[in-house]
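The values are calculated or read from the model by the stated rules, or taken from the named source; none is laboratory data. Please read all numbers here as calculations on a predicted model, not as lab measurements. Methodologically, a virtual Cβ is constructed for each residue, glycine included, from the backbone with ideal geometry; neighbour enumeration extends over all protein chains shown. Accessible surface is based on the protein model in full, side chains and every heavy atom, while ligands, DNA and RNA are left aside. Shrake-Rupley method; radii C 1.70, N 1.55, O 1.52, S 1.80 Å.
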Amino acid sequence: EAVENAIKIARRHTGRRAVIAFGGAFHGRTMMGMALTGKVVPYKEGFGPFPGEVYHIPFPIPYHGVSEEDSLAALRQLFKG
């Protein structure tokens, strides 16, 4: 629930609805936690609908072929969209 409350506080403070999370991460089992979680199987499969305006970008892991520049490019693309 801590993650869900952190999102509620951030949304209230900024007045913004959208949230950006890294793909492949696990953020908890509440509905917002699962929406933030970037991995569908096994965490999100068969659940939903999830809260809206949650966007995922790749986490930079060189071992998986994702550089910091790849993550930044995905972030820039989100803001262009």
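Among the candidates 68, 53, 45, single out the residue that is among the acidic types (Asp, Glu), touching a residue at least 12 places away in the same chain (Cβ under 8 Å) and open to solvent by 50 Å² or more (accessible area, probe 1.4 Å). Step through it out loud before you land on a result.
Values: 68 fails: touching a residue at least 12 places away in the same chain (Cβ under 8 Å); 45 fails: touching a residue at least 12 places away in the same chain (Cβ under 8 Å).
From the options 68, 53, 45, the qualifying one is 53.
Looking at residue 33 and the list (1) of a type outside the set (Val, Ile, Thr); (2) part of a helix (DSSP H, G or I); (3) open to solvent by 60 Å² or more (accessible area, probe 1.4 Å), which single condition is not satisfied?
The one condition residue 33 does not meet is (3).
Taking the range 15-30 as the search range and keeping residues that are open to solvent by less than 80 Å² (accessible area, probe 1.4 Å) and farther than 19 Å from residue 74 by Cα, which one is modelled with the highest pLDDT?
So, considering only residues that are open to solvent by less than 80 Å² (accessible area, probe 1.4 Å) and farther than 19 Å from residue 74 by Cα, the one modelled with the highest pLDDT is 15.
State whether the residues of the range 36-59 include one that is out of contact with any strand residue (DSSP E or B) (no Cβ under 9 Å at 6 or more places or on another chain), at pLDDT 90 or above and in a loop (DSSP other than H, G, I, E, B).
Initially, the range 36-59 is screened for residues out of contact with any strand residue (DSSP E or B) (no Cβ under 9 Å at 6 or more places or on another chain), giving 39-50, 52.
Remaining after also requiring at pLDDT 90 or above: none.
No, every residue in the range 36-59 fails to be out of contact with any strand residue (DSSP E or B) (no Cβ under 9 Å at 6 or more places or on another chain), at pLDDT 90 or above and in a loop (DSSP other than H, G, I, E, B).
For every residue, the table says whether it meets (1) touching a Pro at 6+ places or on another chain (Cβ under 8 Å); (2) of a type in the set (Gly, Ala, Ser).
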| site | (1), (2) |
| --- | --- |
| 12 | no, no |
| 16 | no, no |
| 31 | yes, no |
| 35 | yes, yes |
| 39 | no, no |
| 42 | no, no |
| 49 | no, no |
